[in-house]
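Following: one structure in structure tokens, then a few remarks.
The values are calculated or read from the model by the stated rules, or taken from the named source; none is laboratory data. Not measured: the values here are computed from a predicted model. Cβ coordinates were reconstructed from backbone atoms using ideal geometry, including for glycine residues, and neighbour counts include every protein chain displayed. The area values use the complete protein model at the heavy-atom level, side chains included, leaving out ligands, DNA and RNA. Shrake-Rupley method; radii C 1.70, N 1.55, O 1.52, S 1.80 Å.
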Amino acid sequence: MQQDGANSTNFGRIVILPTAFAGSPRHMNQLYQDSMALVRKFRKPDLFITMTCNPNWLEILHELRLGEEANDRPDLTSRVFNMKLNALLKNLLQNGVLGTTVVDIHVVEWQKRGLSHGHILIILRSQDKPSDNNDYDRIVCAELPDKSTHSELYNIVTSRMLHGPCGALHPSCPCMVNGACSKGYPKTFQPQTEDSTDSYPTYRRRDDGRTFTHPT
Ligand SMILES: [Zn+2]
């Protein structure tokens with residue numbers, strides 16, 4: 001039986017955090033409403049860019065103490081991520097590497113294992129909006145870089161950005177459903193970027209002889 005004074009609702013008082021308090025429900029709701037207002041005025045975004053913290057970035061590895069892993073240092077990984085995100089945003093927004101930006105909306109989230117992850121939505125001015133397949137190829141590349149002329153990029157792409165290994169030799173890969181890759185890999189070669197019916201273009205993947213064998 002409950003004692004007098006032991007009811008938790010009798011203690012403290014309810015405080016509603018204002019929109020000026022970063023992270024409060026009202027603050028998040030205001031950001032959402034602002035984003036929807038921007039899309040209403042400037043129409044749908046042109047670019048959706050994601051960026052994920054890499055626990056093997058040298059700036060992180062150099063600061064770990066003996067026996068520590070990146071997972072142990074969210075203070076460190078989030079600071080390094082924030083600096084690199086700012087560098088990316090500077091290239092996108094100030095230097096306009098993909099065109100002049102009219103609207104930028106971005107948010108940083110945390111993955112389940114604690115690494116920062118950024119989502120960036122960008123609306124470009126009308127003359128910079130990608131409108132045909134050549135514009136897509138200027139922004140998106142689904143091919144392996146040239147190992148001899150872009151060796152650093154080749155190493156980054158092959159170590160970080162390739163799907164798999166999956167297929168018959170790796171049936172326990174999470175993407176495998178009923179004996180086939182549910183993501184459709186390996187993709188077929190494609191001489192030109194083409195529009196498809198589901199609004200996702202089929203990106204150019206020329207049969208240029210470049211290959212990569214995953215170390216098993
Ligand atoms: Zn797969």
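A few remarks follow.
- F212 fulfils the conditions (1) free of Cβ contacts under 8 Å to residues at least 24 places away in the same chain; (2) aromatic (F, W, Y); (3) within 16 Å of the ligand (Cβ to nearest atom) except for a single criterion, (1).
- Out of E152, E109, sole residue that is more than 16 Å from the ligand (Cβ to nearest atom), within 19 Å of the chain's Cα centre (by Cα) and acidic (D, E): E109
Yes/no per residue for (1) open to solvent by less than 60 Å² (accessible area, probe 1.4 Å); (2) over 24 Å from Q33 (Cα atoms); (3) part of a strand (DSSP E or B):
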residue: N91; (1), (2), (3): no, yes, no
residue: E109; (1), (2), (3): no, no, yes
residue: L121; (1), (2), (3): no, no, yes
residue: D135; (1), (2), (3): yes, yes, no
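- Filter result (surrounded by 14 or more Cβ atoms within 10 Å (Cβ to Cβ) and part of a loop (DSSP other than H, G, I, E, B)) within the range 143-164: E143, L144, P145, K147, G164
- Screening the range 156-171 for residues that are more than 20 Å from the chain's Cα centre (by Cα) and under 26 Å from C53 (Cα atoms) and picking the one that is farthest from the ligand (Cβ to nearest atom) gives P165.
- Among the residues of the range 40-62, those that are open to solvent by 50 Å² or more (accessible area, probe 1.4 Å), within 17 Å of T101 (Cα to Cα) and not in a loop (DSSP other than H, G, I, E, B) comprise R40, K41, F42, F48, T50.
- Answer from P165, P215, P191 - the residue that is more than 28 Å from H106 (Cα to Cα) and in contact with a His (Cβ under 6 Å, 6 or more places away or on another chain): P165
- With respect to (1) within 25 Å of the chain's Cα centre (by Cα); (2) open to solvent by 70 Å² or more (accessible area, probe 1.4 Å); (3) under 28 Å from C53 (Cβ atoms), the lone exception for D198 is condition (3).
- Qualifying residue in the range 16-26 (condition: in a helix (DSSP H, G or I), at negative phi and out of contact with any Asp or Glu (no Cβ under 8 Å at 6 or more places or on another chain)): yes
- Check on K84, touching a Phe, Trp or Tyr at 6+ places or on another chain (Cβ under 9 Å), modelled with pLDDT of 95 or more and open to solvent by 50 Å² or more (accessible area, probe 1.4 Å): yes
- Where a residue in the range 172-188 is outside any strand (DSSP E or B) and its partner, wherever it lies, is of a type outside the set (D, E) and open to solvent by 100 Å² or more (accessible area, probe 1.4 Å), with Cβ under 7 Å and at least six apart: C175/K183
- The residue that is farthest from the ligand (Cβ to nearest atom), among those in the range 177-193 that are under 28 Å from K147 (Cβ atoms) and open to solvent by 100 Å² or more (accessible area, probe 1.4 Å), is Q192.
- Residue check for R73: more than 16 Å from the ligand (Cβ to nearest atom), without any contact (Cβ under 8 Å) to a residue 40 or more places away in the chain and open to solvent by 30 Å² or more (accessible area, probe 1.4 Å): yes
- V102, sole failed condition from (1) in a helix (DSSP H, G or I); (2) in contact with a helix residue (DSSP H, G or I) (Cβ under 7 Å, 6 or more places away or on another chain); (3) over 23 Å from I156 (Cα atoms): (1)
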